[in-house]
Structures are given as structure tokens and as C-alpha cells.
Amino acid sequence: MQTENKKYDLPKGYEFDEVEKRWYRYWLEQKTFAAKMEEGKDSFSIVIPPPNVTGVLHIGHALNNTLQDILVRYHRMKGDNTLWVPGTDHAGIATQNVVERQLATENLTRHDLGREKFIERVWQWREEKGGTIINQLKRMGASCDWDRERFTMDEGLSRAVREVFVRLYNEGLIYKGDYIVNWCPRCHTALADDEVEHDPTEGKLYHLKYPYADGSGEVIVATTRPETMLGDTAVAVHPEDERYRGLEKIGIRLPLSDRIIPVVLDHHVQREFGTGALKVTPAHDRDDYEIGLRHELARIKVMDDHGVMNENAGAYQGLDRFACRKQIVADLEEQGFLDKIEPYEHAVGKCYRCGTVVEPTTSKQWFVSVRPLADKAVAAVREGRINIYPNTWYNTFYSWMDNIRDWCISRQIWWGHRIPAWTCKGCGKFVVVVEEPETCPFCGSSELSQETDVLDTWFSSALWPFSTLGWPENTKELQTFYPTSILITSFDILFFWVARMMMMGLHFMDEVPFHDVYLHALVRDKHGKKMSKSTGNVIDPLVMNDKYGTDAFRFTLTAFAAQGREIRMDEERIEGYRRFINKLWNAARFAQMHIKDADPEITGVCDDPSSLPLPHRWILSRTNRTIIEVRAALDGYNFNEIASGLYQFTWHAFCDWYVEWIKADLYGDDETARTNARGVLLCVLENILKLQHPVTPFVTEEIWSQLPGERRTIMLESFPKENPAWQDDEADAAMELLMAVISGLRTIRTEAELHPTAKISAVIIVPDRKKRELLEAFSGSICSMVRAEKLDIVAEAEVPDDAGHALVQEVELVVPLSGLIDVEAELAKLERKRQKLNKELARVQGKLGNEKFLNNAPEAVVDKEREKETEFKVRLAKNEESMARLKKLQ
RNA sequence: AGGCGCGUAGCUCAGUGGGAGAGCGCUACCUUGACAUGGUAGAAGUCGGCGGUUCGAAACCGCCCGUGCCUACCA
């Protein structure tokens, strides 16, 4: 064993754990991820979708960042000025919640600390815990330029946020106004739509009688929230609803109130629902708000911020909204205005933090007028200045952008960018400036109070592509790397984030923020279910890294990343690719055994392969094709094709055929043959490593470093380029024949149930002279690969009855097997083949007998069908001969 | 309710107009000097169903069935 081990410098199995740690440390120390800004080079840049600073790496991050890392490593090797900007998002509400929960364990609330102290506390939390996800990204092998790590709340980005806010305000694109928002009466904040959870809830539908103003009749309206009737300012019906024709001229007398409210005609009303009449409460319902705008209706708020009825509720003032509901229903019933109450299951919006029923209500909020900004974004996409991959998302994008509403950017929390607007107590005007003013520029008063709201987290992330590069300064980074090349993100934030980056980038940089958008799929479990902690089907990327190695996991993610909408992650696949990594490792181990020293004579072997023996020319030709394929897949973001191209080539072409084929040369005595084999072996392996480095950085780097010669990191090697000198169609065809012959003979062996080591003799009947010469030239290789002790290659021969027989590419393979043939089984198989061939022949002949086919199909297709017809006929004839021979043995 | 997907080998998935593919699993044989995390060979599919377009459909169109997601959850 001692001497055995000396032959190899590499361990038998790939030990990823130690390798990954060692190389990542090395890369960081050598700053190999640092962006260069050299004159005259192409630029490639990506800004990371900043994960929440509270985040923990999940499989979506793993996918997202693996794809980015692949492109970044690829372009870096191509020699581009390459930058990948990392960073995290301050994630307003999420982070505030985390710290509030921490405070809760000390029996404190943020109000106990006060705003300033609380924010200090958040920063402290960020210092201690905020680096978690960054370290996890490093574990994935991400080659971000870590010295450029940014945080959406850091000094530079905060400056950019204020600058943008002030400019938009001065341009009239930011305003403060009333708006209907999702209000949480407990948290006292407006909630974004995605912060509201909708649960199906058992409720009641109240049918109320609303009398006509002239007493001539009544209309019945239905509601789940009767207390809002106090704020009703209209009843709406469909304009074409015959039942209510003319009612708009009469009006309604609102029960429990003396108010006369109008009847408005609006297409929004569904005639089929209930009675087709809708009470309109513009201050407390989103749709009613819209109707109110259309018909210029008054908005009467009947509740305060706590969900308690206010002065507009008259006698009900001071009641909680739910208590008020009971009272109102009782009063309506008593006064005869209640028609009926039905049980009703409907979805009720609840605060995602505390579960309190959300109250739609109007409140003063800050808004961005997005229409002009959105138009620019849509134009950029329509004109192809931004491309979206996969292209199925264009329609969704356009329909979202067409229906876009003004963007509510204020949030009633403490953690975030505080709105840079001050109200002057002297003159009452707004002062909106980048730096805190000492006096009011309008009246000189020094009594200024800043807005207490902070900005929506998405506001700062919308600026990410240029704020991280130093904007508003015109930095070299901005000049070199903006617009960024591609944004890779999950499709669920196309609207929240991607579209807003387009708007902001186009507005402030007058240029798109990125040329391409790649929206990757959502990772689900293998049954298509969303991964969630409660379901228990979560695949933790860090666990996968530990279990199978980061490279295997990355390769799996890449192989799954077709341009679709969902990925069903199956852990077994990761195991499969772990074996692939190990296969590569062992191929390298084999190569290394034979190429211990970098003797100069092997290094130039591949420069001009035209005089090399066939197998070398073939593998170099295949290498060239793989380079072309992998590059095309990289350039077209077809990540799964990168993986499958590498897998097929490395395992099935390189390991299965080439390495096996050249063993005779490597173990033989012919010095020239050895040198050629060693040279090509090393050259192809080097190309594999470089091609695969972007996907599996660790194992490729480790093998690379173990290869002979002085080697710098593989990251500094140039990515393989198409090499026309390697392309060799003749070699491809010749090897295909050889491989088909070998496989055919092996099949005969197996089917005769010969022992794998048993020697055979074989006859190959080749009418074609060129093919015959080729086979003769490689008869030695054929013999060793099929374990034949005798091989006759002839132009024609009688096939003995008692022989295994096959036909490949017009070459007959004959293996005499006296007494070893299972005649019945063989006949049955031939019969199955015959039927299949007959079926295919019939189909082909059907086509060729069809005038329309001959007239309409392209010539090449017709020719191909003719070739098939001939081929099938020959094979059928041979099939019949075989059967005839076998029948003699019966 | 609308919108968007998906349905291809036992499983997980590629494949967008011209002879059904991969990985895993399965079967048989094999410790041959890179690797048993391996090798060789093999079995296995009415490409969800029904219609249509086409000379030709797994692919394009329509309907149906099954399944998943996203909006709005509508008084």
C-alpha cells in the first residue's frame, strides 16, 4: 500500500470541506475578486439583490447568487472589467421587528427607549448580527468585491436617498396627500399591500334598507362592515341597471343620519351581486375611494388611528369599531332599516405582524407620482434597451406598469431613511432639503420640525444600481460600471424592485440601470410545494454544502436553472452531481499520475493537432464544440445547458472514451504516442477545468493547483475560446464509427452472457473501403476495448449460423459463439426489432408516397427521409438473414 | 373571479414544427492498474384527453380533465 499511495498526490476521493475553506481564504487574501477598471476593456457589472440584513440564506438566495457568480467568474476570466457589488438591505419593518422582539425579552418597547435610543439599538444589532447572510454568501463561493460591500442605510446611500427625494419633490413628482391605505390600528402604521395577510374568516353580511330621499321606495345594500355606513357619501349602481333607472335624480336618505346622499352611476358595480346597489364609503374602502375620486364624493372618516369612532360618528363617538358595529346593527334593526343578516365567509385583511384586522382608511402619506417615471421604463423595455429573460414576463410587466398607481413611500416606523422634509412653525411651509436646515428659507424661523415618517425600504433599493457606485458624485465606478450588465433576481419582486430601479435609473442617470433582467424560478420541494418551516420541507443550502460540497450543490442549482417558473429541488440530484465532481476529481487524479512533470515537449502538442492520431483529434474537436456550446449557454443565460454540456462532455466523452482509449498509449513503450497522449490529456483537462470553474470554483481551483508547473489561480486564466484548428468533422465521424462498432461488439458479448474478461474472436464485414481501412488501423484498440483475441476485418464473408450478429453504420459485426446463443431469446428480440423497423419503414414510405409532402417539405427533409428508407430496408434485410440463420439452429 | 404556468420513462426534469432525451432509480454481469462515489450492457414512455391547423404536431390553436402559483378577494 505504501508504494501504491506514492503514485498519487491526490487523495482517492475529493475532500471538499478543507479545500473550500482553504481556497476561499486564499481568494480573499489575494483580493482576486476586486474589480479592475482598466482602459480599453469591456465592462461587466452586477449589483447583488441586497438580502435583508436580518436574512438567513435560503435556497432562493443560493440559486440567485450561484447564477450571478457564474456570470461574474466567466466575465472576469474573459478579461472584462468585472464588478459584483455586494450589500444588504436595511429592511425597515423586518429589522425593526427583530429588535423590538429582542427588547420584548427585556420587557421593553421601542417607546420606552425613544426614537433615538431605539435606532442606536438597531445599529448595535446590525453590528453584532447583521453579517450572518454575508458570511453565508461567502460559503456559497460568491466572488463579490467585498471591499465594496454596501448597506442601504450607510452614509453614502442615505445621501443618495435624500438627494433623490429632494429632486423629485422639486420636480413635483413627490407630494403629500390623502390616500386610502391599509391601516393597522394597533401598530399605528400604514401597511404595504404585501404586508397584509388575508385569511378566510367566518363573518356576516348585513343587508341594509336605504330609503329613497323622496320616500317613494328603498334600496337594499349589503355590507360586512355596517359601522362604516356613518361615512357613506353615496350609493352606487351600474349605469345600465334598469332597476334603478332615474334613481340618481332622487338620492338616498342615509339611515341614522339626516344626510341626503347622491346615487352615482359607476361601471365598477356588479349588477349580479346582492341587489346591485353598493354603499360608498370613500374614506374606508379602497374601491369606494376610487369611486369617490371618479364622482368627486366627500370622504368622511369615522374612525381615528386607534380604530375608535370619532366625532363624525355622532352618537357613536368613542366606541371601538367592533362595539360600534353591534350598536349600529341593533339601532338599524330597531328603526326598521335592517333587512337581514347572512353568514358570510370572506377574506379579512390582517396585519402580518400583530394579526389585527386592518382598517382601510385615508391618511396623510407621501407619494411618488409614478406615471411619468413608469412611462420611461415601459419605453425602455419596448425599445429593447432592457431585455427580460425569460420573455414570458414581458406581458406581465406591461400589464403591471399600465395599472400602476402612485407609490406610497411613507411608513410610520422608526428604522429607515427619515423623510427629509421639515414643517416651518413660522410660515407653515414645507422645507425639503438634503441636509438638515437651521432656519426656514422662506421666513427665517428656526422652529422647524422634521417629518416623523421614514421611507419605504424599496425607495432606497430602487436606487441601488447607481447609489452603490457613488452617485450623486460622478465617480469612476459610475462611469465604468453603469449601466450594469444584468440583474438576476426572483420574479416575485419584478414589480416591487425591478420596475422601480428602471424608473429611478432612467430618471436620474438618463440611462437604463441594467441591460438585461434575468428572472429565475422559485425553488420548491420536489412535489412542487412551497418550502416552509411549518411544512418541514425546507432544503437548507448550508446543510447541502456540508453534505455534498458547495460545488456539487452549485452544479445542481445550475442544472435546474432552466428558464421556467419553478424548480422542484430534489436532494437526490445533488447526490448525483456530487458523484460527478468526484468523477472529475478522479480523472484529474489519473491525469496527474501520468503527467507529474511539465516536460516542455507535451505543452505544444495541441497547437496543431492535424498530424495527431484520431482519438486526440476527436477529443480536441469535441472540446472545441463544448467550448462553443458552453459559451453560447453562458451568453444566453441558459444555465441548465451549461451544466448538461459540461456533464456530458466530461463524463461521457472525456472519461468514458478518451481516457480509456489512451491508456494503451500511456502504459505502452512508444515514446511519441505517450507524449501525444500526455499532452492532449493535460490540455483537455485544463480546458475542462477552466470551462467549469465558474460553476464549480473550488474543485477546479484545487485540481488546477495540483497540475504540474508553476500555476497561479485559475481565476486569472483566460476562459477557453473557440479554436478552429481543433474543429475536425472527419475525426468526429470516424470516432463515431469506431465507438459504434465497439459498443455493438460489447452488446453481443453481454447478450451472449459472456464473462466480462472472456476473450472473443470477431469478424467485421465492411464493404466500404475507407471504413475498412479505418477499422483496420484501429484494430488494436478495438481488440483491447472489446477483449478480442482475434479480429478479422474483411470486405465480405459468410456469416456462420451460430454467431452473434449486429449491424451498425453499414458494418456487420459477427462474433462466432458456438453453443452460447440463446436461440429463442435472440429470435424474439429480432422479431421485436423487425416489427419496429417495419413500422418505421411504413411511416417513411407513407411520407415519401405523399405528393404534398414531396412538394411542401424542404428538400433536405425529403432527402433525409429517402436516406432513412434505404437504411431501414438494409436493416430489415439483415434482420431477416439473422433470423433465417437462427432458425436453422432451432 | 381574473391572470400566469405546468402535465414527456418509476422519480426529478430538459426538449417550440421533421427519426422520443438526461440524471437518479431498476435489471444482468464485472473489485481490469483514475474512480465500486466505478465499468459494460439492458428494460422501460398511447409525450394528460379530445378536436383543429399542417405534407408533417410532444411542440402551434381551441375545448376538457388534473395540478400549481400570482393578483383581487370585491360590497
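The values are calculated or read from the model by the stated rules, or taken from the named source; none is laboratory data. Everything quoted here is computed from the prediction, not taken from an experiment. Here the Cβ positions follow ideal geometry from the backbone for every residue, glycine too, while neighbour counts run over all protein chains shown. Only protein heavy atoms, including side chains, enter the accessible area calculation; ligands, DNA and RNA are left aside. Shrake-Rupley method; radii C 1.70, N 1.55, O 1.52, S 1.80 Å.
List the strands (runs of 3 or more DSSP E) inside region A:501-573, counting only whole elements, that have at least 2 residues being over 30 Å from A:Gly470 (Cα atoms) and within 12 Å of RNA strand B (Cβ to nearest atom).
Numbers: elements: A:514-520, A:522-524, A:566-568.
Filter on region A:501-573 gives A:522-524, A:566-568.
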The residue from A:Glu701, A:Glu710, A:Glu736 that alone is acidic (Asp, Glu), on the phi < 0 side of the Ramachandran plot and at pLDDT 95 or above is A:Glu701
Reported set for region A:430-442 where residues are surrounded by 15 or more Cβ atoms within 10 Å (Cβ to Cβ) and assigned to a loop (DSSP other than H, G, I, E, B) is A:Val433, A:Val434, A:Pro437, A:Cys440
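Being surrounded by 12 or more Cβ atoms within 10 Å (Cβ to Cβ), within 16 Å of RNA strand B (Cβ to nearest atom) and closer than 23 Å to A:Pro615 by Cβ narrows it down to one residue among A:Ala762, A:Ala752, A:Ala731, A:Ala777; which is it?
Details: A:Ala752 fails: closer than 23 Å to A:Pro615 by Cβ; A:Ala731 fails: within 16 Å of RNA strand B (Cβ to nearest atom); A:Ala777 fails: within 16 Å of RNA strand B (Cβ to nearest atom).
It is A:Ala762.
This table checks each residue for (1) crowded, with 19+ Cβ neighbours inside 10 Å; (2) β-branched (Val, Ile, Thr); (3) touching a residue at least 40 places away in the same chain (Cβ under 8 Å).
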| position | (1), (2), (3) |
| --- | --- |
| A:Phe496 | no, no, yes |
| A:Gly505 | yes, no, yes |
| A:Asp510 | no, no, no |
| A:His520 | yes, no, yes |
Flagged in region A:258-274 as under 12 Å from A:Glu240 (Cβ atoms) and of a type in the set (Asp, Glu), in numbering order, are A:Asp266
For region A:443-460 the number of residues that are part of a loop (DSSP other than H, G, I, E, B) and either among the small types (Gly, Ala, Ser) or crowded, with 19+ Cβ neighbours inside 10 Å (or both) is 5
Log entry, pairs with first residue in region A:559-584 being without any contact (Cβ under 8 Å) to a residue 12 or more places away in the chain and open to solvent by 50 Å² or more (accessible area, probe 1.4 Å), second being more than 7 Å from RNA strand B (Cβ to nearest atom) and among the small types (Gly, Ala, Ser), beta carbons closer than 9 Å, six or more apart or on different chains, reads A:Arg579/A:Ala552
Flagged in region A:203-221 as aliphatic (A, V, I, L, M) and within 12 Å of RNA strand B (Cβ to nearest atom), in numbering order, are A:Leu205, A:Leu208, A:Val219, A:Ile220, A:Val221
If we scan region A:326-337, do we find a residue that is open to solvent by 30 Å² or more (accessible area, probe 1.4 Å), touching a helix residue (DSSP H, G or I) at 6+ places or on another chain (Cβ under 9 Å) and part of a loop (DSSP other than H, G, I, E, B)?
yes
Exception for A:Met531 within (1) open to solvent by less than 30 Å² (accessible area, probe 1.4 Å); (2) over 30 Å from A:Pro11 (Cα atoms) falls at (1)
Checked against (1) surrounded by 13 or more Cβ atoms within 10 Å (Cβ to Cβ); (2) among the acidic types (Asp, Glu); (3) under 30 Å from A:Leu634 (Cβ atoms), A:Asp406 satisfies every condition except (3)
Screening A:Arg625, A:Arg631 for residues that are under 25 Å from A:Ala740 (Cβ atoms) and away from RNA strand B (no atom under 11 Å from the Cβ) leaves only A:Arg625
Cβ pairs under 6 Å, 6+ apart or interchain, first in region A:861-890 and closer than 15 Å to A:Ala825 by Cα, second open to solvent by less than 80 Å² (accessible area, probe 1.4 Å) and not in a helix (DSSP H, G or I), ordered by first then second residue, are A:Ser882/A:His805; A:Arg885/A:Asp801; A:Lys888/A:Asp801; A:Leu889/A:Asp801
Residue hits (region A:610-635; farther than 30 Å from A:Gly780 by Cβ and open to solvent by 20 Å² or more (accessible area, probe 1.4 Å)) are A:Ile628, A:Glu629, A:Arg631, A:Ala632, A:Asp635
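Of the residues A:Tyr398, A:Tyr344, A:Tyr394, only one is of a type in the set (Ser, Thr, Tyr), open to solvent by less than 40 Å² (accessible area, probe 1.4 Å) and either within 16 Å of RNA strand B (Cβ to nearest atom) or assigned to a helix (DSSP H, G or I) (or both); which? Outline the logic, then answer.
On the way: A:Tyr344 fails: open to solvent by less than 40 Å² (accessible area, probe 1.4 Å); A:Tyr394 fails: open to solvent by less than 40 Å² (accessible area, probe 1.4 Å).
Residue meeting the stated conditions: A:Tyr398.
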In region A:244-282, residues that are open to solvent by 20 Å² or more (accessible area, probe 1.4 Å) and within 12 Å of RNA strand B (Cβ to nearest atom) total 10
The one condition A:Gly668 fails out of (1) surrounded by fewer than 15 Cβ atoms within 10 Å (Cβ to Cβ); (2) away from RNA strand B (no atom under 14 Å from the Cβ) is (2)
Only one of (1) touching a Gly at 6+ places or on another chain (Cβ under 9 Å); (2) charged (D, E, K, R); (3) free of Cβ contacts under 8 Å to residues at least 60 places away in the same chain; (4) open to solvent by 70 Å² or more (accessible area, probe 1.4 Å) does not apply to A:Asp320, and that is (4)
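Output yes when any residue across region A:197-212 is under 17 Å from A:Arg299 (Cα atoms) and aliphatic (A, V, I, L, M), and no when none is.
Filtering region A:197-212 down to residues under 17 Å from A:Arg299 (Cα atoms) leaves none.
No, because not a single residue in region A:197-212 is under 17 Å from A:Arg299 (Cα atoms) and aliphatic (A, V, I, L, M).
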With the first residue restricted to region A:821-838 and required to be within 12 Å of A:Phe872 (Cα to Cα), and the second required to be within 12 Å of RNA strand B (Cβ to nearest atom), Cβ contacts under 8 Å at 6 or more apart or on different chains are A:Arg834/A:Leu876; A:Leu837/A:Phe872; A:Leu837/A:Arg875; A:Leu837/A:Leu876; A:Asn838/A:Leu876
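Which of the residues belonging to region A:266-290 are of a type outside the set (Asp, Glu) and either under 21 Å from A:Gly307 (Cβ atoms) or at pLDDT 85 or above (or both)? If you could, list the steps in order and put the result at the bottom.
Narrowing region A:266-290 to residues of a type outside the set (Asp, Glu): A:267-271, A:273-284, A:286, A:289.
Within region A:266-290, A:Ala277, A:Leu278, A:Lys279, A:Val280, A:Thr281, A:Pro282, A:Ala283, A:His284, A:Arg286, A:Tyr289 meet the criteria.
With within 10 Å of RNA strand B (Cβ to nearest atom), open to solvent by 30 Å² or more (accessible area, probe 1.4 Å) and out of contact with any Cys (no Cβ under 6 Å at 6 or more places or on another chain) as the only criterion, which of A:Thr224, A:Thr228 stands out? Quick ask: steps written out before the conclusion?
On the way: A:Thr228 fails: open to solvent by 30 Å² or more (accessible area, probe 1.4 Å).
Being within 10 Å of RNA strand B (Cβ to nearest atom), open to solvent by 30 Å² or more (accessible area, probe 1.4 Å) and out of contact with any Cys (no Cβ under 6 Å at 6 or more places or on another chain) holds for just one of A:Thr224, A:Thr228, which is A:Thr224.
Considering each residue of region A:283-316, count those that are among the small types (Gly, Ala, Ser) and within 16 Å of RNA strand B (Cβ to nearest atom), and give that number. If you could, list the steps in order and put the result at the bottom.
Quick first cut of region A:283-316, residues among the small types (Gly, Ala, Ser) only: A:283, A:292, A:298, A:307, A:313-315.
Now narrow it down to the ones that are within 16 Å of RNA strand B (Cβ to nearest atom): A:283, A:292.
Qualifying residue count for the region: 2.
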Residue hits (region A:109-138; under 30 Å from A:Phe16 (Cα atoms) and open to solvent by 70 Å² or more (accessible area, probe 1.4 Å)) are A:Glu128, A:Lys129, A:Asn135
